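Student: Please read through the structure below; I'll follow up with questions.
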Amino acid sequence: MAREPASIAVPIDSARYPGEVSPPGPDWVIPVIGEARPRTAAGPWAWVVAHRDPIAKALAVAAFLAVWQASGAFLNSIFVSTPSATAAALASLVGNGQLPGAFLRSLLEMAGGLCAACVIGIGVGLLMGRVRLVERALEPLVAFGNATPSIALLPVMEVWFGIDTAARVAFITVICTWPLLVNTYAGVRAVRGRYTDVGVAFGLSGWRQTWQVYLPGTMPFIFVGLRIALAVGAVGMILGGQEIGQAGLGGLTANFGSYSETADLVATIVTTTALAMLLFAAFRQLQAWRFPWIAATSAGRRRSK
């Protein structure tokens, strides 16, 4: 917000300065260096200033869409599909039921794999953080599994589970488990170093300490792991659909890419992005509903005093 300098009143001696013209009134007000007073915007500009963040976002999106649409004038449609062509393809895919069916199938596979990964990852992470023997026994295996390239597991899933839904869900489960496990384990270790005496002071048993002290203190780490798991799970969903049975959104992208149907391909990619954003929003609402103290105490949400 702009600021204007403070002012003081200084009288002008007309006898010493006969050529000076004084304003109405006995004093001449001149600016001096001192405490600044805030200057508030008025009129339409005040509304623009108050809403500058959403306006900037809307302008950025509009500029991107305009450049994208203009690129269709000098680029081959096989390589670039314009927003208008993508919207028409999206409407056609929704109308014939091809895209909704693939969307629902991928959503169910993603949800199933992520739920299984939460049970395994959070459970094993808590166990490793609470039982030192388990921690020492599983730490090398967790490091090895976390370092394994995810895409290399696709043929293994096909061998173990075939080329059907079970293989795709298993693949999503495996690649989502590691970020959840590692972050949960790191969170329990952080709580163990800071609040290890709290449960003892209140006379809590080992199980009640885990449930009432360690698990709540680990929730910020778990939600970080969930966000990472969602990102890698979305990639795994597409890879699994492309390579295992060509089903869901991944199967559509593989089919459209094979026949150079760029508009349909981009429409499917946009739908995949929408699915990932939907899941991110769902977990954000879950965090705000059940664990509002995480956002209230995070560094990014603290208000400066």
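The values are calculated or read from the model by the stated rules, or taken from the named source; none is laboratory data. Note that the structure is a prediction, hence the values are computed from the model and not measured. Cβ placement follows ideal geometry from the backbone for every residue including glycine, while neighbour counts extend to all protein chains displayed.
Student: Search the range 273-304 for residues being loosely packed, with under 11 Cβ neighbours inside 10 Å and in a loop (DSSP other than H, G, I, E, B), and hand back the single one that is modelled with the lowest pLDDT.
Tutor: Among those that are loosely packed, with under 11 Cβ neighbours inside 10 Å and in a loop (DSSP other than H, G, I, E, B), it is 304.
Student: Something else: Out of the residues in the range 141-176 that are of a type in the set (Phe, Trp, Tyr) and free of Cβ contacts under 8 Å to residues at least 24 places away in the same chain, state the one that is surrounded by the most Cβ atoms within 10 Å (Cβ to Cβ). Break it down into steps so the answer makes sense when it comes.
Tutor: To start, the set of residues in the range 141-176 that are of a type in the set (Phe, Trp, Tyr) comprises 144, 160-161, 171.
Restricting the remaining residues to those that are free of Cβ contacts under 8 Å to residues at least 24 places away in the same chain gives 144, 160-161.
Numbers: 144: 9, 160: 11, 161: 16.
The residue in question is 161.
Student: Right, something else. Residue 53 versus (1) of a type in the set (Asp, Glu); (2) modelled with pLDDT under 50; (3) closer than 30 Å to residue 266 by Cα: which is the lone unmet condition?
Tutor: Result: residue 53 passes all but (2).
Student: Determine whether the range 44-67 contains at least one residue that is outside any helix (DSSP H, G or I), exposed (fewer than 11 other Cβ atoms within 10 Å of the Cβ) and among the hydrophobic types (A, V, I, L, M, F, W, C). Spell out how you get there, then give the answer.
Tutor: First pass over the range 44-67, keeping only residues outside any helix (DSSP H, G or I): 51.
Filter once more, keeping what is exposed (fewer than 11 other Cβ atoms within 10 Å of the Cβ): none.
No: the range 44-67 contains no residue that is outside any helix (DSSP H, G or I), exposed (fewer than 11 other Cβ atoms within 10 Å of the Cβ) and among the hydrophobic types (A, V, I, L, M, F, W, C).
Student: Then there's this: Of all residues being of a type in the set (Gly, Ala, Ser) and free of Cβ contacts under 8 Å to residues at least 12 places away in the same chain in the range 238-272, which is surrounded by the most Cβ atoms within 10 Å (Cβ to Cβ)? Just the residue, please.
Tutor: Of the residues in the range 238-272, the ones of a type in the set (Gly, Ala, Ser) are 240-241, 245, 247-248, 250-251, 254, 257-258, 260, 263, 267.
Checking the rest, the ones that are also free of Cβ contacts under 8 Å to residues at least 12 places away in the same chain come to 257-258.
On the way: 257: 15, 258: 10.
Among them, the one singled out is 257.
Student: I'm trying to understand the selection: among the residues of the range 103-147, which are closer than 18 Å to residue 190 by Cβ and acidic (Asp, Glu)?
Tutor: Listed by number, the residues that qualify are 135, 139.
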